[in-house]
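Let me begin by presenting the structure, written as structure tokens, before commenting on it.
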Amino acid sequence: MRLFSLAKLAAIPALLLLSLSATASGDNGYRPAESPRLMVNIVVSHLRYDQLARMYKNLDDRGIKRLIRGGAFYTSARYNFMFTQDSPGVATLMSGTQPSQHGVIGDRWINYTTNEIVSSVGDSGVIGVGCNENEGQYSPRKLVVSNISDELKRSHPDSKVVSISLNPETAVLAGGKNPDAVYWFDGRYGNMATSSYYTFYLPDWVDNFNKRPEKSDYAARLWHVSLPYEEYISKKASAIILDTTLKFSFNNIFRPRNKDFRRLSETPFGNNLLTDFAIETIKCDSLGLDSIPDMLTINYGAQKYIAEYYGSESTEFEDAFYKLDLEIVRLLDYLDKKIGKNNYAVMLCSDHGVSDMVDDGDGFGAGKFNAIQFKVLINSFLTARYGEGTWVNDYRNRQIYLNRRLIYEKKLSLADIQNEVATFSIQFGGIDKALTATTLSTNYYGHGVPMKMQNSFFPKHSGDVIINLLPGWIELENEDASWMSSSSGSPYEYDTHVPLLFYSPRIKPAVIHRPVDMISVAPTISRMLGISAPNACEGEILEMSEKGNE
């Protein structure tokens, strides 16, 4: 066989080398002839696969339905870890690895050294920009691996990478370590804000966006239904009232008090604002206008608060998705006109699902787990066994953080204490399993809930004892949360099974039923962009047929 010289090999374009490598390994993944000018990642929070399937008939043909019909739609995509929350969901999507590797085990956890609550993106070394300095202290420094954004900037330094969201966690974690811009919604002033990790001054166009009079209009809108009431599928709960003039409407209106816009994120109009900002971002940052690929990640997250307050089976929650679908119509229409139908690609998925509404009369035995009471009883149990003391430093995200200093001072075995707490925990109503940090560190679980618990376990951040609740149960971390109807954070079908689709003019439309782990999203987008997968990526490139090249 004739061999290439090193000089000739060096002249082969990097993208061609990727294709040669894939062919040599028998990889049947999607290999585009050229990268899209703009990769748009749309992450719809709290969207379950089964909910999308039920709502499909009521969707607009120009929105999510257009993407499903025109792209590769995966019907069996699931997250494979336990703590299904915003932060670990987005970190997993963008890095292609489990929380046990990327370190983002939840939206928050406990620092063993200081016993303080740690935000997944909190950073006291930076200040807020476009908001109060002490309220915008966020950066991606706790993400210990690279993600797609980082690899795109590494391969193409001139690429533009922007991430936007209603909350800082998903915006920051999607943006990676070296993006061009990351913005989130600051509810105090109703601004799109960032931090000094990225810049010390907002661009003029962002300042102008924040000064628009429409900001008050978003907050003052009445929330009206999108469809005739009889066409709604979810009616287990609803605050719909009859209005003789406007027919049906939701009893939801608020006007910002003292210029406070926090509740805007709890209505569909928060997503409306985000679409407006995304369109301004594409226009003012000149995304997708040349052959160097750019990437925009948009996390639509208003559904989170709507699900918690109204419930996942409420008419409000369903209506929020119909309104979001129209926002996606607006976004796609703008992309068609500004970038061109053949020049952009879309990935759409959810960062996790949501539980059914907790209803004592539904026959499934679900309930609300009182975390505060549980923490107190665990401490009382250890006090009775080993004497007075604060034995439990904290409890968060179904994890018990023991007072290791006290345990060591009393010369007790940490592993033994962990086992006693785990055994005691199983007696509580609503608890399914309890595994210790020692067990998760020294054993391997290859399937089932224990495997998902292990995939969520990161020794530096995780607790001493991790519990799993029974199906349908939700956790209340404080007394103020007693109003919650639905939540997330479990390893069950309703939290892990989400829709996933890829849309591009080069992808042949298909519905694909084979099981997919969501860690495969990152390497698939990387292949579409012709770049390396993130450095800790464990996922496989998903198979998609290219139009005209089957």
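Miscellaneous remarks
- FRET E, pair PHE424, ARG188, Förster distance 56 Å, beta-carbon r, rounded to 0.05: 0.85
- As a rough guide to protection, the peptides 449-459, 120-130 ranked by mean Cβ packing within 10 Å, highest first, stand as 449-459, 120-130.
- Mean Kyte hydropathy of -0.5 or more with a Cα span along the axis of at least 20 Å, helices from DSSP in the chain: 268-284, 315-338, 371-386
- Listed residues PRO471, LEU500, ALA434: farthest to the positive end of the dipole of the range 429-550 (Cβ charges): LEU500
- Grouping the Cα pair distances of the range 100-142 into 10 Å bins from zero gives a pair-distance distribution of 27, 50, 22, 2 percent in increasing distance order.
- Above-threshold pairs, the threshold being 23 Å between Cα atoms, out of LYS177/LYS338; LYS160/LYS508; LYS341/LYS508: LYS177/LYS338; LYS160/LYS508
- Residues of type lysines that LYS57 reaches as a straight line, Cα spacing below 20 Å, ignoring anything fewer than 8 places off in the same chain: LYS65, LYS235, LYS236, LYS323
- When only alpha carbons are used to place a centre, the range 491-536 and the range 295-369 end up 18 Å from one another.
- Put a dot 7 Å past the Cα of THR442, heading toward its Cβ, do the same for TYR229, and the two dots end up 6.1 nm apart.
- Computed about the Cα centre, the dipole magnitude for the range 295-379 is approximately 580 debye when only Lys and Arg (+1) and Asp and Glu (-1) carry charge, each at its Cβ.
- Segments 179-189, 535-545, 162-172 sorted - mean Cβ within 10 Å per residue, highest first: 162-172, 179-189, 535-545
- In the chain, helices alone account for a calculated mean residue ellipticity at 222 nm of -9500 deg cm²/dmol, with every DSSP H run of four or more residues adding -39,500 (n - 2.57).
- Rg to Rh quotient for the range 328-435, alpha carbon positions, Kirkwood Rh: 1.31
- Placing dummy labels 7 Å off each Cα toward the beta-carbon, the span from ARG221 to SER413 is 6.1 nm.
- For the range 376-455, chymotrypsin sites (Phe, Trp or Tyr not before Pro) are listed when DSSP marks them as loop and at most 16 other Cβ atoms sit within 10 Å of their Cβ; the list is PHE428, TYR444, TYR445.
- Sorting 49-58, 148-157, 36-45, 78-87 by their mean Cβ neighbour count within 10 Å, with the most densely packed peptide first, gives 78-87, 36-45, 148-157, 49-58.
- Dimensionless Rg ratio for the chain, taking C-alpha atoms and the 2.2 N^0.38 Å reference: 0.99
- DSSP bridge analysis restricted to the chain gives an antiparallel fraction near 55%, rounded to the nearest 5.
- Euclidean distance of C-alpha centroids, the range 430-473 and the range 60-80, integer Å: 32 Å
Read the figures in this text as sums done on the coordinates, not as results from a lab. Since we're looking at a predicted model, the values are computed, not measured. FYI the Cβ positions are ideal-geometry reconstructions off the backbone, even for glycines, and counts take in every protein chain you see.
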